[in-house]
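First the structure, in the form of structure tokens, and then the observations on it.
None of the figures in this text is laboratory data; all of them are computed from the coordinates on show. Only a predicted model underlies this, so the values are computations on that prediction, with no experimental measurement involved. Virtual Cβ from ideal backbone geometry, glycine too; neighbours counted across all protein chains shown.
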4 protein chains.
Amino acid sequence: MLKVGLLGAGRIGWVHAKAITAHGGSTLVAVSDFIPESAQKLAAEYGCEARSTDDIIADPAIDAILIATSTDTHSDLMEKATAAGKAVLCEKPVDLSLERARACQRVVAETGQPVMIGFNRRFDPSFGALKAALDAGEIGKAELLSITSFDPAPPPVAYVKVSGGLFRDMMIHDFDMSQFIMGATPVSLTAAATSIVDPAIGEAGDVDTAVVTMTYADGRIAVIKNSRRAAYGYDQRLEVLGAEGLLQAQNMLENLVVKSTKQGVTGAKPTFFFLERYMPAYTAEWDSFVTAVTKGTAMPVTLQDGVNALAMAEAATLSAKEGKPVRIEDV
Amino acid sequence: MLKVGLLGAGRIGWVHAKAITAHGGSTLVAVSDFIPESAQKLAAEYGCEARSTDDIIADPAIDAILIATSTDTHSDLMEKATAAGKAVLCEKPVDLSLERARACQRVVAETGQPVMIGFNRRFDPSFGALKAALDAGEIGKAELLSITSFDPAPPPVAYVKVSGGLFRDMMIHDFDMSQFIMGATPVSLTAAATSIVDPAIGEAGDVDTAVVTMTYADGRIAVIKNSRRAAYGYDQRLEVLGAEGLLQAQNMLENLVVKSTKQGVTGAKPTFFFLERYMPAYTAEWDSFVTAVTKGTAMPVTLQDGVNALAMAEAATLSAKEGKPVRIEDV
Amino acid sequence: MLKVGLLGAGRIGWVHAKAITAHGGSTLVAVSDFIPESAQKLAAEYGCEARSTDDIIADPAIDAILIATSTDTHSDLMEKATAAGKAVLCEKPVDLSLERARACQRVVAETGQPVMIGFNRRFDPSFGALKAALDAGEIGKAELLSITSFDPAPPPVAYVKVSGGLFRDMMIHDFDMSQFIMGATPVSLTAAATSIVDPAIGEAGDVDTAVVTMTYADGRIAVIKNSRRAAYGYDQRLEVLGAEGLLQAQNMLENLVVKSTKQGVTGAKPTFFFLERYMPAYTAEWDSFVTAVTKGTAMPVTLQDGVNALAMAEAATLSAKEGKPVRIEDV
Amino acid sequence: MLKVGLLGAGRIGWVHAKAITAHGGSTLVAVSDFIPESAQKLAAEYGCEARSTDDIIADPAIDAILIATSTDTHSDLMEKATAAGKAVLCEKPVDLSLERARACQRVVAETGQPVMIGFNRRFDPSFGALKAALDAGEIGKAELLSITSFDPAPPPVAYVKVSGGLFRDMMIHDFDMSQFIMGATPVSLTAAATSIVDPAIGEAGDVDTAVVTMTYADGRIAVIKNSRRAAYGYDQRLEVLGAEGLLQAQNMLENLVVKSTKQGVTGAKPTFFFLERYMPAYTAEWDSFVTAVTKGTAMPVTLQDGVNALAMAEAATLSAKEGKPVRIEDV
């Protein structure tokens, strides 16, 4: 039974608390939050203790730490937790600073402790089935990957300002998905971006709509489209063109009902947002972490993956700003 | 070049005139109608002569007669046209009277002339592809056939009164489709019917909604659903469950556009009615007739098929009236 | 906190144990089974006691009994449990004997205890959404209901022999669904049935493929299709034609991946069977039971509903045997 | 009755000959081809004369010229035909040289004769319906356009060498579609391109897979994906994200049959290529030309549109070569 300490009792902390407690091989021992009441509330709901972060990390009875705090604390906490001999699952992104993330990676590597980055979408059953079909050669060699990833509505501008920007905060998931599907990082990328959804986002120095095109050493191409607003719900599609066919992952709809009237043939909307769409993925993510820690096998998503995704986000941020292609090795 | 005389210049006559003139192997020589102006109008549009029915049948320069007149004249005209040595394509149904249809069949048989009944849906590309897949064994042995066939809106009550009733006028197409798919006629059937769409149809002695269940000698079952009203357009679906799978023919939609909004994910309605849905089928039907006549091969839909479908309609009419199963051999 | 005793530790007992323990408002206190080891195994997994059925029913600390035993014990156990002052959720069908079920209903009524019958499909989110849309008038007045309900593979013949037959064992769900959607029971019905999937089922006196057509007092019609085998998975579709449109509940697929190759455009199969498809429905069913018991509100599915569904099954069995329509009031 | 001379009797010439002769308001008078036998064959089929190009252009009895010759002759022929007072429908692209196309545009402008460029896809019913829905405000203001346009198989390398390259030969259609949907030309674009489908295409100096991202003055973005190979058929999809929703045009499938087996749920492939997919669009294109010429109204696709599309192709060619964004005003 893996004994787990949870750092962070915000929305995503609750998601993880549910997965940890529902899992047959893990127990939630303690939770911390910089707002003590938040930690107490979660602790009450899931039957664990509310303690301080330092206390949790220092507790020799705790085997693993799940970091679900704000991004600016990720690197510090990964370093402390691994130094204390814990296995770590850290939420994305690794850091807003690529330099800091790389430094963290070096520090963590010296401890030899296993660290996994929480790119939950890799554990979505449909993306997993698509990846398996691709790896099985069902459409031949991949040539062109397209990812469509639209949020239902933009976050508050206050959040946007501290988010690190669309590329580090939102597209980071898609950058990871691209390396998951393609099995490689691109050589270079070009970003086109705009704040057409909400001018206030532009005034805050960020964008809300972006297209990034990435090219790979072997000639493959990937394109990622992001928008902060899809009025019809969470749009999470992915398709790969290969030498012998096309694989697509379609949207999950709210239900299976179709209505035909004079107005047309209408099915349900896509599920609203990530909690509705990806809860099974969070559960599977946690299971894969428990399995890897327990069996001592390789982490399914590594800190290197997290640093790579952040490098792509850094390159895209630069490309959008300067209006030219950026080589990944140059960031 | 097959020289053709067309009897009947109503709506379906125009459909056939278009197919005859567009076909590279046939020429429309003449058309007749009991309203002379109707014949003249069609003749002017398609560049042929408007003549009397008797004159057309007697013309030795005409090879084939297409009968698109009112149902009560079909048997007489088939007899006369075959007696005059013509090949005949006659619109469905053969007759409203099963007895008269059988008598016609005997008279026609003595002439040895080829006669085809216009069950156009057999020539619909999707139904044809489904039949081909079934015959190729793609889902194993057929076990259960379901036909959904809804018109967009009920016809005028005046038409209903002379139509012979829903089973002979509308479901006749589905009875034929059942023998096309199943390759057999049923042993017995049971009909449930109601005039829930429009009470005036019930007052006129007919029904507007009906379900017929048919059983076959080898244990297979087929069910046909008809309604005179589908607010969303012409609903023409068919599915066969077999030992190894299911084959479905879905509706043809007006276009390929899908709109996703807060209200859901909406595609186009089905095409409005038979002219929109089955025009390619009429064209293919005519081509198969020309080919069979020209090459002297067997008719793809025989007068026997037409009589069989009428027998099913007769049995269904009786079953709905008496509220009990009826054996086909008893009608 | 509702304290629950579970009778029956078979496959469906495990499903309910999971729902009971996961629910925030109920606790699983004890389980019994006629095979003591089965009860012990379930008890160990879910942290409750394995006890005798009589002991559980007699325990004053237990509020509610969930009956998940073999069908032949349902009536007796409902009578005993309600006599002991328990609220009861009993699996379908009520009984194999309509007479016994009606007797049970009278006995239970005298106790005044609330009893719910486990027609889980009413709690499926898609069927629920369809029902809500219908009740909201989105397609006008219902006219024609069609239910397609195919199991992936037939059960062992040994099971078939004690099952009460397809109508009482399998179609019972669809009979209940018909009254859920239509809000009424039919006046009469006609069944056509065959053992085309497996002759051994026919030799055992049962059928494996059946179509039942039901007519209602107000002219509406419903048709139910059942097959014990759908090679492609669990086929659970439902559609209602109304005056202003059509509502359909489509199949749940295993995932959202679509592959396009030379062979066509292929999506995933339907989910395999009821555990995959209806687990959320079992969870929602239990929640509705807990709510009704706790708040003292009406049961969402009553014993009367269970008796009605059984009467339809009885009528269908008779109709299939005698080859004629049967009035529900005559069984 | 519009009297038409057709220049070019290749594959696309036959497509137009069929549309011209089938139209009630136009007659095909003569056809020319640099291979006289080709012109004679088409003339025999469609009942017109085979004459020389000069002769056709000089014939005062001819009202309109349809140019379906090789691209390098388009500009010369447009100039000659308009100088001779003819209305012109010219196949895409206007020219391989943007400079030559602009010169042609000036010459033609002086004649005042109406010229239409054959961007047939604008007349596809589904793209038309999508455009109408967008213009009607059904998804609010457009923000992000995506065009997926894959051919079924690459052309022979010999053709590739004289084609002007993927951007001028293939993506030219999508550049036009982008201005049709967006109602504007982009400010700048970036192209990523590769010859991953067939290295021989790369050796011939061309690419076979490309992604072009375009940005507009008002902040909108468009992305076009092209591949010379889609093993499953002609992939022609388009989607627009707007402030209130998403509009998609999906692929046209070969038929409406769906097969469910252990292997999944399989529908038909997309139609094979442009003749299967766009024949109705060619017919509608011709009708719109006849209407515009006959009524003296504005051409639905102008020579300016053709020059704009060519400018985008030129910019994309340059961007792919130099690996940087290119402003449209700079080409």
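Brief remarks on what is shown
- Here's how it looks for B:V187: its modeled amide H is under 5 Å from those of B:T215, B:Y216, B:A217, which are all 5 or more places away or on a different chain.
- Whole-Hz Karplus values for the range B:70-87 come out as 5, 4, 5, 9, 4, 4, 4, 5, 4, 4, 5, 5, 6, 4, 7, x, 8, 7 Hz, taken residue by residue from phi with 6.51 cos²θ - 1.76 cosθ + 1.60 and θ = phi - 60°; glycine and proline positions read x.
- Relative contact order (percent, whole number), the range D:196-331, Cα cutoff 8 Å, 6+ residue spacing: 12
- Legend: ranking of residues C:E45, A:E329 from fewest to most surrounding C-beta atoms inside 10 Å; resulting order A:E329, C:E45.
- Relative contact order of the range A:2-113, pairs being alpha-carbon contacts under 8 Å that are 6 or more residues apart, as %: 25
- Of all chain C C-beta atoms, the nearest to the rotation axis linking C with A is recorded, alongside its rounded Å distance, as C:A22, 4.
- Among the listed pairs A:K269/B:K259; D:K41/D:K269; B:K262/D:K269, those whose Cα-Cα separation exceeds 22 Å are D:K41/D:K269; B:K262/D:K269.
- Electrostatic dipole magnitude of the range B:2-113 [Cβ: Lys, Arg +1; Asp, Glu -1; Cα centre; debye, to 20]: 300
- Measuring between their Cα centroids, the range B:125-180 and the range C:92-160 lie 31 Å from each other.
- In this simple spin-label approximation, D:A132 and C:T21 carry label points 7 Å from Cα along the Cα→Cβ vector, and these lie 5.9 nm apart.
- Set A:K18/C:K18; B:K131/C:K225; A:K225/D:K92; D:K3/D:K161; B:K3/B:K80 screened for pairs whose C-alpha atoms are more than 27 Å apart: A:K225/D:K92; D:K3/D:K161
- For C:R106, the distances from its label point to the matching points in the remaining copies are 6.2, 8.8, 10.5 nm, ordered from shortest, with each point set 7 Å beyond Cα toward Cβ.
- Inter-copy spacing of B:P280 label points, which lie 7 Å from Cα along Cα→Cβ, given in nm from shortest upward: 1.0, 3.5, 3.6
- Cα gyration tensor, the range B:2-113 - rounded (a/c under 1.5), prolate or oblate: prolate
- Simple rule: put +1 on each Lys or Arg Cβ and -1 on each Asp or Glu Cβ in the range C:2-113, find the dipole, and look at C:A81, C:A61, C:H23; the Cα lying farthest toward the positive end is C:H23.
- For the pair B:E329 and B:A83 in one chain, pulling the backbone fully straight at 0.36 nm per residue adds 85.6 nm over the alpha carbon distance.
- Span from the the range A:185-208 Cα centroid across to the the range D:213-241 one, whole angstrom: 19
- Peptide A:219-232 has a mean shielding of 6, counted as Cβ atoms of other protein chains within 10 Å of each residue's Cβ.
- Fewest-first ordering of B:L189, B:L98 by other beta carbons within 10 Å of each residue's beta carbon gives B:L98, B:L189.
- Counting Cβ atoms of other protein chains within 10 Å of each residue's Cβ and taking the mean over peptide A:235-243 gives 4.
- Spin-label pair C:T302/A:A58, simplified geometry with 7 Å Cα→Cβ offset, distance in nm: 6.5
- Under-5 Å amide H pairs with A:G242, H placed in peptide plane, nonlocal only: A:E143, A:L247
- Structure remark: mean-square fluctuation, Gaussian network model of chain D, C-alpha springs under 10 Å; the largest value among D:E37, D:E91, D:E239 belongs to D:E37.
- Using a 7 Å Cα-to-Cβ projection, C:S70 label spacings across copies, nm, ascending: 6.5, 6.8, 8.5
- Partner shielding of D:144-152 amounts to 3, given as the average count of beta-carbon atoms from other chains within 10 Å of each residue beta-carbon.
- Computed over chain A, relative contact order equals 19 percent, with contacts defined as Cα pairs under 8 Å that lie 6+ residues apart.
- To the nearest ten degrees, helix D:125-135 and the longest principal axis of the Cα atoms of chain D are 70 degrees apart.
- Mean-position separation - Cα centroids, the range A:1-64 and the range D:9-73, in angstrom: 79
- For the range D:273-287, 3J(HN,Hα) per residue [Karplus equation, 6.51 cos²θ - 1.76 cosθ + 1.60, θ = phi - 60°, Hz, x = Gly/Pro]: 7, 5, 5, 6, 7, 10, 4, x, 5, 4, 4, 5, 4, 5, 4
- Computed over chain A, the per-residue total of -39500 (n - 2.57) for DSSP H runs of n ≥ 4 gives a 222 nm mean residue ellipticity of -12000 deg cm²/dmol, rounded to 500.
- Fewest-first sequence of A:H23, A:H173 by Cβ atoms within 10 Å of each Cβ: A:H23, A:H173
- Net dipole in debye of chain A [+1 Lys, Arg Cβ; -1 Asp, Glu Cβ; about Cα centre; nearest 20]: 640
- Highest mean packing first, where packing is the average number of other Cβ atoms within 10 Å per residue, the peptides B:198-209, C:113-124 line up as C:113-124, B:198-209.
- Overall, the protein assembly as shown carries a charge dipole of about 0 debye about its Cα centre when +1 sits on the Cβ of Lys and Arg and -1 on the Cβ of Asp and Glu, all other atoms neutral.
- For the residues D:A153, D:A184, D:A309, a GNM of chain D with alpha-carbon springs under 10 Å puts the largest fluctuation on D:A184.
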